[in-house]
Amino acid sequence: MALFNIDELERIARSSIRLDERFGSESYQIDDAMQTYSRFDYTKEYDIFLSHSYKDRIAVAGLVNHLTEQYGYKIYVDWIDDQRLNRSSVSKLTAKVIKNQMNKCKSLFYVTSENSSSSKWMPWELGLMDGIKGKVAICPLTKNRYATEYQGQEYLGLYPYVTETASMLWINEDSKHYNRFERWLDEK
């Protein structure tokens, strides 16, 4: 079982779009390309809510692509699914929309990276989803291609973490105790 490699996820995101300087920055093109995953159906339920730093949007775009294409999971990402939200003007309405979307998600993956500690929203999303559904797992993004274990710091160490084999997602309590994602979702 392996953790998700940030470089590989960024490669996945970049390979799914045509990068061309005439059309603007790479970041803009990634955002634009991800609109193909946008659902605009506000009654739709999701398997996974991805809590992440917007600074990791290229890797997150790759993760969405991978989890959707490889496993068929329905993924919620605010800047993909709720483009009506204005990131520069956060309000009570923003929080209400996010909370409503969380209620339609079966689980939350807390995407950790070098950037996640600067996010103001991620700790709120983690605590809220833990209280609503109790199905929260840490999804570490690592530079080490061979990393298989995650040692969470502080409160993040309280939660299980996500790994992957060639054909399955695993939720790990530790290196000896793990469960298939689908079975973990069904547990009470």
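Points worth noting:
- Efficiency of FRET from Cβ geometry, Gln151 and Asp186, R₀ 25 Å, rounded to 0.05: 0.35
- Proximal lysines relative to Lys99, as straight alpha-carbon distance under 19 Å, when same-chain residues fewer than 8 apart are discounted: Lys44, Lys74, Lys120, Lys133, Lys135
- Charge dipole of region 58-154 (Cα centre as origin; +1 on each Lys and Arg Cβ, -1 on each Asp and Glu Cβ, all else neutral): 360 debye, rounded to the nearest 20.
- Nearest-0.05 FRET efficiency for Tyr178 and Asp7, computed from C-beta distance (R0 30 Å): 0.75
- Across the chain, Cα pairs under 8 Å and at least six residues apart give a relative contact order of 27 percent.
- Pairs of C-alpha atoms in the chain farther apart than 20 Å represent 53 percent of all such pairs.
- For a label point 7 Å along the Cα-to-beta-carbon line of Thr165, residues of region 53-74 with backbone N under 18 Å: 70-72
- Near Leu141: Cβ cut-off under 9 Å, other residues only, Lys/Arg at +1 and Asp/Glu at -1. The net charge is -1.
FYI, it's all coordinate maths here, none of it is from the lab. Owing to the predicted nature of the structure, the values given are computational and were not obtained by experimental measurement. Backbone-built Cβ (ideal geometry, glycine too); neighbour counts: all protein chains shown.
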